[in-house]
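Presented below is the structure to which this report refers.
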Amino acid sequence: MRKIHSLRTVSAAALLSIPMVLSGCGMFGAQSSEAVDPPPPIQEAAMIQAAEGNGALAMLPLTTVYLQDQQGLLAPVSLTLPSGTDASSPKTALDTLVTGGAYAGMLPEGFQGVLPQGTVVQNVTIHADDKLAVVEFSGNFAKYDAKEERKMLEAVTWTLTGTPDVENVQIWVDGKKLTQMPVNSTPLPEPLNRAVGINLDLGDTFVTNSSPVTVYFSAASPAGIQYYVPVTRLVTPGEDRVQAALNELIKGPDKGGELEEVMTGGTELQSVKTAEDGTVTVALKDDMFAEGDIVPSELLQSVVLTTAENTASKDAKVQIEWNGQKTVMGDDNRDYSAPVSKPEYINEIPI
């Protein structure tokens, strides 16, 4: 084997009615099949600007959005858009999720939005006191297959809750607050948050008395670019969430899928300790690595992402101990024994 490349109890309306699921590049540092012709206005403007000899376009980073990859899984993708675009706007973020929408031609190969073509994002209002985003849709929002319903909810929720200002999401359509989704009737009794999970993996067995944790595995785009995919699994309630999540990360992805494991078969979790300042120290052991060996950054980054995702604070810092070494160098020349934060932008995949 190569050295790698390759909640609380269930809530949020019982993980949005779990049976419904059965029916249905750098981290630190595809156009939809229904894309319109001629090119979307924003893409067309960028093409005109380049054709007029204005040189390289000034590009702005966009808050990470959740797109569907070629495996049908949702993955965070940090897009870059032409100058003049309000890249910090949550409305802009949701506009990128519309199939065949204004940004369809600017998505990386193998990725597409999950909102129905013709959906209109009328407005996104942020209520700062409640950290609540109220989203108003119109147009073709209700024109989708039932099996896509959960994926739509996950993409909207995880896209908007990727910033410190938003923890909960409420959906309105044509001026009315939804109490359930329009096609498969998924109940929406309260605002959505990340407790609903993403890319839910129920495993071989499922018991209702479980708690969700989210881990980050690896995948490759059609162009061979590596990126991270979050997967929610259910674990025994009462366990330390970070420890439970890291143990799931070590277990690896479902063998029937195309996600890649990031740990070797011999990786062991020794301890998880949280300091008073909130820094989480993860101690790992793997005898496949000798003292002084460079550790794959893909492994270390997955540990950082998984640990940060399952802590109470969005600002948590993570440091890693590896086989007792005081310095843990990744093959990206970064020292992971020093506290690092979850990056603002994940999976910067060129188009």
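The values are calculated or read from the model by the stated rules, or taken from the named source; none is laboratory data. Everything numeric in this text was worked out from a predicted model, so none of it was measured. Glycine gets a Cβ as well: all are built from the backbone with ideal geometry, and neighbour counts include every protein chain shown. The area values use the complete protein model at the heavy-atom level, side chains included, leaving out ligands, DNA and RNA. Shrake-Rupley method; radii C 1.70, N 1.55, O 1.52, S 1.80 Å.
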For region 96-109, pairs from a residue that is over 21 Å from residue 226 (Cβ atoms) and among the β-branched types (Val, Ile, Thr) to a residue that is open to solvent by 10 Å² or more (accessible area, probe 1.4 Å) and not in a loop (DSSP other than H, G, I, E, B), with Cβ under 6 Å and 6 or more apart or across chains, are 98/119
Show the residue pairs that are 6+ apart or on different chains and have beta-carbon atoms under 8 Å apart, the first residue being within region 72-89 and surrounded by fewer than 17 Cβ atoms within 10 Å (Cβ to Cβ) and modelled with pLDDT of 80 or more, the second being part of a strand (DSSP E or B) and hydrophobic (A, V, I, L, M, F, W, C).
-> 89/124
Among the residues of region 168-198 satisfying the criterion of being of a type in the set (D, E, K, R) and touching a helix residue (DSSP H, G or I) at 6+ places or on another chain (Cβ under 8 Å), which is farthest from residue 313 (Cα to Cα)?
-> 190
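This table checks each residue for (1) at pLDDT 95 or above; (2) out of contact with any helix residue (DSSP H, G or I) (no Cβ under 8 Å at 6 or more places or on another chain).
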| position | (1), (2) |
| --- | --- |
| 276 | no, yes |
| 281 | yes, yes |
| 297 | no, yes |
| 303 | yes, no |
| 306 | yes, no |
| 311 | no, no |
Failed condition for residue 179, given (1) under 19 Å from residue 93 (Cα atoms); (2) β-branched (Val, Ile, Thr); (3) surrounded by fewer than 18 Cβ atoms within 10 Å (Cβ to Cβ), with all others met?
-> (1)
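Can you tell me how many residues within region 324-342 are surrounded by 19 or more Cβ atoms within 10 Å (Cβ to Cβ) and either in a loop (DSSP other than H, G, I, E, B) or polar (S, T, N, Q) (or both)? Before the answer, list the steps.
Narrowing region 324-342 to residues surrounded by 19 or more Cβ atoms within 10 Å (Cβ to Cβ): 328, 330, 336, 340, 342.
Then drop every residue that is not either in a loop (DSSP other than H, G, I, E, B) or polar (S, T, N, Q) (or both), which leaves 328, 336, 342.
The qualifying residues number 3.
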Region 292-303 residues that are under 10 Å from residue 263 (Cβ atoms), paired with ones that are among the aliphatic types (A, V, I, L, M) and assigned to a helix (DSSP H, G or I) (beta carbon under 9 Å, 6 or more apart) | 302/249; 303/246; 303/249
With the condition kept exactly as written, say whether any residue in region 253-261 is outside any loop (DSSP other than H, G, I, E, B) and either open to solvent by less than 20 Å² (accessible area, probe 1.4 Å) or aromatic (Phe, Trp, Tyr) (or both).
-> no
Residues of region 106-140 being open to solvent by 10 Å² or more (accessible area, probe 1.4 Å) and of a type in the set (Val, Ile, Thr), in sequence order, are 114, 119, 120, 124, 125, 126, 134
